[in-house]
Amino acid sequence: LLDKLTRRTSSWMCNSLSFGGKLQLMASVLFSIQVFWCSTFILPVAVTKECDRIMRSFLWHGTDYGKKSGKVAWSRVCKPKKEGGLGFVGCRVWNQAAIM
């Protein structure tokens with residue numbers, strides 16, 4: 001799972017993508033990969049944290065996986081759109097909901 005996410009994000013030319021383009025790629029490709037794995041297996045906490053880290057750094061920094069902070073906290077990004085977030089769901093929460 002982590003290799004797939006890393007390979008996908010590193011293969012995209014995200015320096016030329018806008019913020020909206022990155023959001024669309026995350027929503028359509030990265031989260032669909034994550035949904036498949038989360039609905040099939042109970043993932044360890046370390047793996048879910050790493051998935052969130054990969055997607056968070058792709059959203060804010062592109063393919064540069066440095067230790068820079070994002071513009072908004074990931075917990076606020078994962079809120080529903082009605083509450084001011086971007087409508088994403090964290091990997092750990094999604095894994096628990098999909099397995100139930």
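The values are calculated or read from the model by the stated rules, or taken from the named source; none is laboratory data. In this text, all values refer to a predicted model and were calculated from it rather than measured experimentally. Here the Cβ positions follow ideal geometry from the backbone for every residue, glycine too, while neighbour counts run over all protein chains shown. Ligands, DNA and RNA are excluded from the accessible area calculation, which covers all protein heavy atoms including side chains. Shrake-Rupley method; radii C 1.70, N 1.55, O 1.52, S 1.80 Å.
Taking the stated definitions as given, is ARG92 open to solvent by 40 Å² or more (accessible area, probe 1.4 Å), more than 19 Å from ARG8 (Cβ to Cβ) and among the basic types (Lys, Arg)? Give the derivation first.
Details: open to solvent by 40 Å² or more (accessible area, probe 1.4 Å): yes; more than 19 Å from ARG8 (Cβ to Cβ): yes; among the basic types (Lys, Arg): yes.
Against the criterion (open to solvent by 40 Å² or more (accessible area, probe 1.4 Å), more than 19 Å from ARG8 (Cβ to Cβ) and among the basic types (Lys, Arg)), ARG92 qualifies.
Say we look at the stretch 1-24 and pick out the residues that are assigned to a helix (DSSP H, G or I) and more than 15 Å from LEU59 (Cβ to Cβ); which of these is most open to solvent (accessible area, probe 1.4 Å)?
First pass over the stretch 1-24, keeping only residues assigned to a helix (DSSP H, G or I): 2-11, 14-16, 19-24.
Going one step further and asking which of them are more than 15 Å from LEU59 (Cβ to Cβ), we end up with 2-4, 7, 11, 16.
Working: LEU2: 53, ASP3: 110, LYS4: 95, ARG7: 152, SER11: 75, SER16: 99 Å².
Within the stretch 1-24, the match that is most open to solvent (accessible area, probe 1.4 Å) is ARG7.
Select, from VAL35, VAL29, the only residue that is under 12 Å from the mean Cα position of the chain (by Cα), assigned to a helix (DSSP H, G or I), more than 21 Å from TRP60 (Cβ to Cβ) and touching a residue at least 12 places away in the same chain (Cβ under 8 Å).
On the way: VAL29 fails: more than 21 Å from TRP60 (Cβ to Cβ).
One residue alone meets the criteria, VAL35.
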